[in-house]
Structure formats: C-alpha cells, structure tokens
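Reading through the structure tokens given below for one structure.
The values are calculated or read from the model by the stated rules, or taken from the named source; none is laboratory data. These numbers were taken from a predicted model, which means no experiment stands behind them. Glycine also receives a Cβ, built like all others from the backbone with ideal geometry; neighbour counts cover every protein chain displayed.
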C-alpha cells in the first residue's frame, strides 16, 4: 500500500485516562495481557483484538475482565476496522508484521504505534540499558 509504519515515542501519553487504545494480539507469552492490565488500571479505554477465538483465550479474558478500570472491549476471532480507525494508540504484538494493513489503517487515522516493551521504555523514569544478541547476554550481565 506504500505507507511506512513506524513505532513512535510515547510522551505525552503519561495520562491514559479515557484514551482509546487497541491492543493487537494478546500474545503467547502474556505480553499483550500485561499491556492490557497496565493500560486498563490507568483508565484507558482498551480494545483487545486477536485472531484467536474466545475459547483459546478464555483464561486471559476471565482474568483481565476482573481488573479495576473501564470495561475491556473484546474483538476475538477477528479484527475490525473501527478498532484501528478510532484508536489513539495501538500496542502491537511482536508477532504482527509491520506491513499489516491494520497498522497502516491505524497510522493513516493518526494512531501512534508501540509495543509492550515500548510502553515500558518510554514511561520508565529510570536509566535503562539493553543487552541483545544471540550469545553472551547472561555472561555480559553477570
């Protein structure tokens, strides 16, 4: 489609109250669920969209529905255009390809894109470093 999708730096999103946020994919290892919990507890209007259906996600859905905060809107087994058009922020699961037409739709309508680690990275006040690579991370950080 020709539009480049770029993850963005978040501030001024330090107050999430009332902000429409779409979390795209709960993820296999709970990353999306962590983002949902973080944002919901801060008052965001969270929509979760995942191609897996409610049966596959029932444990996470049940747990997250118990959170204090605005009710979570669930779009399971599908994605819907309005969830990306209306979002101010989209939290993208790392498994989602950056050339996804859903991310392009969100970007065209003014949404900022980030990941779960992007939320942490941009909002954590502490000095942060990262060690990456295929080998030697444990040795380097020991």
Which one of the conditions (1) within 22 Å of residue 30 (Cβ to Cβ); (2) exposed (fewer than 14 other Cβ atoms within 10 Å of the Cβ); (3) modelled with pLDDT under 95 does residue 78 fail to meet, given that it meets all the rest? (3)
Please determine whether any residue of the range 103-114 is under 25 Å from residue 62 (Cβ atoms), exposed (fewer than 14 other Cβ atoms within 10 Å of the Cβ) and over 11 Å from the mean Cα position of the chain (by Cα). no
Selection from the range 37-55 of residues that are touching a residue at least 40 places away in the same chain (Cβ under 8 Å) and either surrounded by fewer than 18 Cβ atoms within 10 Å (Cβ to Cβ) or part of a helix (DSSP H, G or I) (or both): 38, 39
Look through 13, 29 and report the one residue that is modelled with pLDDT under 90, in contact with a strand residue (DSSP E or B) (Cβ under 8 Å, 6 or more places away or on another chain) and either over 16 Å from residue 100 (Cβ atoms) or part of a loop (DSSP other than H, G, I, E, B) (or both). 13
